[in-house]
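Chemist: First the structure, then my questions, so here it is.
What follows draws every value from the coordinates through simple rules; no lab data is involved. These figures come from a predicted structure and were not determined experimentally. Because the Cβ atoms are built from the backbone with ideal geometry, glycine has one as well, and the counts that use them run over all protein chains shown.
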Amino acid sequence: MLRSLLPTLLFLCMQATLLPEEAALETVEREPALKDVCGGYFEIGTALTYDVLRRDPATCDLIRHHFNSITPQDELKWDSVHIRLGIYAFRKADAILRFARDAGMSRIGHVLIWHQQIPDWVEYRSTGRQCSSRDLLERMQQHIYRVAGKYRGDISHWDVINEAFHDNGNYRNTFWFRIIGPEYLEYAFRYAMEAAPGTKLYYNDFSIIQPGRRAAVIQLVRDLRSKGIRIDGVGMQGHWELNWPSVDELEATLNLFREEGIQVCITEMDISVLPRAWNQPGADLSLNYELKAELDPYAEGLPPEVDEALAKRYGELFRLFRRHADIIDRVTLWGATDACSWRNDWPVNGRSDYPLLFDRNRRPKAAYYAVIEAMTECLDNDDTAGTEPHDDGGNIAEDPVRNTDNEAEAGNKDEGQEDNQTPL
Ligand code: GLA
């Protein structure tokens with residue numbers, strides 16, 4: 001009896017002599033790393049905020065152990081990085097990118113042009129009048145040259161544009177669209193291509209399985225390519241639910257992209273287990289609904305059957321990704337633990353959601369084990385499996401025209417310090 005308990009007793013004694021953080025790190029390090037099981041197929045990333053980086057070393061250890069790619073969750077968005085006309089603030093983004101670089105992870109830029117999380121001044125002149133198309137294009141160009149140019153040779157992928165279409169394929173009526181017209185997409189990719197020649201350039205959106213939106217995205221890729229403007233792939237935001245979208249819908253979309261020669265990243269993946277507060281699936285940030293008890297059923301904890309349903313769903317999705325690994329560059333989860341997820345506050349503020357692979361105490365959930373199983377089980381007819389291991393070194397090919405001024409500057413600029421560009 002004592003003999004059989006010995007390993008457990010030994011383990012408990014060792015834990016007792018460790019500081020809590022060391023014990024947590026030891027536990028994390030014993031789990032199979034997601035990056036090891038996904039590595040031969042695609043990169044596996046997570047989003048990281050400056051707040052988690054600064055205040056939560058245990059989550060940072062978990063991230064270092066499991067992931068090989070980092071996307072700054074908010075810190076490269078316009079309102080973080082380009083605070084006033086010509087005034088840039090890179091300190092927080094630099095800290096996250098440094099963490100990723102030191103850990104040998106790839107660095108993902110999110111996002112250059114979007115209509116959310118962008119300051120009002122971008123749309124207006126100092127007189128209060130709305131910008132002309134020429135003014136706005138100049139602002140766009142300066143922003144992309146400055147931000148994408150600064151990280152050229154460092155960031156491996158940029159989301160150049162986020163969420164430009166509706167489900168029916170119409171252009172989203174943003175100020176970019178209203179002032180410049182549909183050509184704004186073309187300009188953004190052209191400027192990004194000039195500013196960051198060695199970086200993969202992506203269009204990123206939610207609900208890309210919707211036929212209208214998907215057709216619009218495919219048409220965008222065709223149009224850009226026919227004009228010699230580089231677009232390397234499409235980011236499919238994975239803000240999904242337990243029953244939406246179906247694996248079949250996703251698979252049909254991946255097959256269409258393959259036929260078009262379009263590479264894919266699954267970006268922003270998280271699977272809400274909560275009831276829908278509205279009729280429309282998707283991830284439109286402008287939606288917001290009032291908190292009601294029936295919309296927050298698991299405030300006291302996740303019932304085992306829902307935990308299992310989530311695990312089953314993650315398993316099915318990672319099997320799908322594995323089957324299509326020939327066109328999937330990367331899968332990025334939107335946060336590391338349930339505590340960090342934006343889904344707790346969208347589209348209803350203050351709910352308890354459980355959309356990720358690690359729980360609020362950073363422990364692996366059933367969903368984590370389902371992913372490990374999906375990525376390691378033997379498959380019949382496994383054509384794509386591990387045939388083309390992706391580079392997981394976190395470093396992109398040396399860019400021959402890399403701007404050494406920008407490189408020297410990285411990490412040295414204080415927030416709010418004036419940039420050397422002339423304001424308009
Ligand atoms: C969109 C954006 C992300 C993020 C989420 C909410 O999907 O692309 O950057 O803001 O909304 O976290």
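Chemist: What does the C-alpha gyration tensor say about the overall shape of the range 114-245? Classify as rounded when a/c is under 1.5, otherwise prolate if a/b is larger than b/c, or oblate.
Modeler: Details: a/c = 1.66, a/b = 1.24, b/c = 1.34.
Since a/c reaches 1.5 but b/c is at least a/b, the shape of the range 114-245 is classed as oblate.
Chemist: Among the GluC sites (Glu not before Pro) in the range 286-339, which ones are in a DSSP loop with at most 16 other Cβ atoms within 10 Å of the Cβ? Mind listing them? Please list the in-between numbers first.
Modeler: Details: sites: Glu290, Glu294, Glu300, Glu305, Glu308, Glu316; in loops: Glu290, Glu300.
In loop regions of the range 286-339 (DSSP not H, G, I, E or B), the sparsely surrounded GluC sites (Glu not before Pro) are Glu290, Glu300.
Chemist: Rounded to whole Hz and in sequence order, give me ³J(HN,Hα) for the range 54-62 from the Karplus expression 6.51 cos²θ - 1.76 cosθ + 1.60, θ = phi - 60°, writing x for Gly and Pro.
Modeler: Result, ordered by residue: 7, 10, 9, x, 5, 5, 5, 4, 4 Hz.
Chemist: Whole angstrom only: what separates the Cα centroid of the range 317-337 from the Cα centroid of the range 261-316?
Modeler: After rounding, the separation between the Cα centres reads 17 Å.
Chemist: Now, a different point. Rounded if a/c is under 1.5, else prolate if a/b beats b/c, else oblate: with a ≥ b ≥ c from the C-alpha gyration tensor eigenvalues square-rooted, which is the range 104-185?
Modeler: Oblate, because a/c is 1.5 or more while a/b does not exceed b/c.
Chemist: Follow-up. Taking amide hydrogens as modeled 1.01 Å from N in the peptide plane, which residues meet the under 5 Å criterion relative to Asp359, leaving out close sequence neighbours?
Modeler: Amide H neighbours of Asp359: Asp338, Lys365.
Chemist: Right, something else. With a/c under 1.5 counting as rounded, go ahead and sort the range 22-67 into rounded, prolate or oblate using the C-alpha gyration tensor (a ≥ b ≥ c being the square roots of the eigenvalues; past the cut-off, prolate if a/b is larger than b/c, else oblate).
Modeler: Numbers: a/c = 5.08, a/b = 1.30, b/c = 3.91.
Here the range 22-67 falls in the oblate category.
Chemist: Work out the FRET efficiency for Ala95 and Arg230 from their Cβ-Cβ distance, taking R0 = 30 Å, and round it to the nearest 0.05.
Modeler: With R0 = 30 Å, the Cβ-Cβ based efficiency is 0.50.
Chemist: Expected output is a single nm value to one decimal: the length gained when fully extending between Asp79 and Gln116, i.e. 0.36 nm times separation in residues minus the C-alpha distance. What is it? Don't jump to the answer; show the numbers that get you there.
Modeler: Values: separation 37, 0.36 × 37 = 13.32 nm, distance 0.89 nm.
Working it through step by step, the gained length comes to 12.4 nm.
Chemist: Once both labels are modelled 7 Å past Cα along the beta-carbon direction, what's the Arg363-Val247 spacing in nm?
Modeler: 2.8
Chemist: In nm, what is the difference between 0.36 nm times the number of residues separating Ser126 and Ala339 and their Cα-Cα distance? Could the numbers behind the result be given before it?
Modeler: On the way: separation 213, 0.36 × 213 = 76.68 nm, distance 4.06 nm.
Answer, rounded to one decimal: 72.6 nm.
Chemist: Suppose R0 equals 51 Å. What FRET efficiency, 1/(1 + (r/R0)^6) with r the Cβ-Cβ distance, do Tyr298 and Glu377 give to the nearest 0.05? Don't skip to the answer; put the middle values down first.
Modeler: Details: r = 29 Å, r/R0 = 0.57.
My answer for the efficiency is 0.95.
Chemist: Can I ask one more? Can you return the lysines within cross-link range of Lys365? Criterion is Cα-Cα under 16 Å, with same-chain partners fewer than 8 residues away left out.
Modeler: Within the straight-line cut-off, Lys365 pairs with Lys312.
Chemist: Run the simple label-point estimate for Ser133 and Arg30 please: 7 Å along Cα→C-beta, distance reported in nm.
Modeler: In this crude spin-label approximation the distance works out to 6.4 nm.
Chemist: Please list 3J(HN,Hα) in residue order for the range 191-205, calculated via the Karplus relation 6.51 cos²θ - 1.76 cosθ + 1.60 where θ = phi - 60°; whole Hz, with x for glycine and proline.
Modeler: 5, 5, 5, 6, 7, 9, x, x, 9, 6, 10, 10, 9, 10, 7
Chemist: PRE reach from Leu285 (point 7 Å along Cα→Cβ): which of the range 76-98 fall under 14 Å by backbone N?
Modeler: The answer is 76-82, whose backbone nitrogens lie closer than 14 Å to the label point.
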